[in-house]
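First the structure, in the form of structure tokens, and then the observations on it.
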């Protein structure tokens, strides 16, 4: 498990569009069709990462709280499923149900979406406003299994969502997320 921090895409960046298979609900999910009316959260997550597993209950709780406020949540798994079979597309729906995900859980087989977002780790969080402009990127909170095993609260993501919903400018202090590196396909 290689600890990696997020790359911190520049604030104000437009959300790269995508069209990916939704392994939980079936069909295809396109960003512009799934975006929220007030905000959209893109999460790079996966099945096997201990950092994601540690915060899954908090993710599910935040989704339940903020969906009713017009916030959409989309999870994307970009890991190489050949070398990391725990993240294979056929294992995503059972994992999502067990973790309590209700949002689209998409499979980025080509890893092009992760590259477009400059994603580096799991979990990695991006909050876009109603115009799909980036207002937050970084950590859910400061909890990390083994590194900082405090209870997960989601305080950073909650603060970012509260700010965008209140029409406030982006938070000045945004800390990178940290977790497992995205498992990139080898270029052999």
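Read-outs: derived from the displayed coordinates by stated rules, not from any lab. Computed from a predicted model, the values in this text were never measured in an experiment. For neighbour counting, all protein chains shown are included, and Cβ atoms are generated from backbone atoms with ideal geometry for every residue, glycine included.
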Inter-probe distance in nm under a simple model that places probes 7 Å from Cα toward Cβ, at residue 146 and residue 69: 3.3
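Which order results if 133, 68 are arranged by neighbouring Cβ count within 10 Å, fewest first?
Details: 133 14, 68 7.
By the 10 Å Cβ count, ascending: 68, 133.
Could you work out the relative contact order of the chain? I mean the mean sequence separation of Cα pairs under 8 Å and 6+ apart, divided by the number of residues, in percent. Show your work: numbers first, answer last.
Working: 402 pairs, mean separation 61.7, N = 188.
Taking the mean separation of contacting Cα pairs over the length of the chain, I get 33 percent.
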Label-point separation in nm, residue 131 to residue 111, each point 7 Å along Cα→Cβ: 3.4
Gyration tensor verdict on the range 1-81 (Cα atoms; rounded if a/c is under 1.5, prolate if a/b is larger than b/c, oblate otherwise): rounded
Mean shadow area of the range 71-164 over all directions, Cα convex hull, nm²: 7.0
Pairs of Cα atoms farther than 21 Å apart, the range 3-181, %: 42
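Where both residues lie in the range 3-181, what percent of DSSP beta bridges are antiparallel, nearest 5?
Numbers: 21 of 30 bridges.
Bridges in the range 3-181 are about 70 percent antiparallel.
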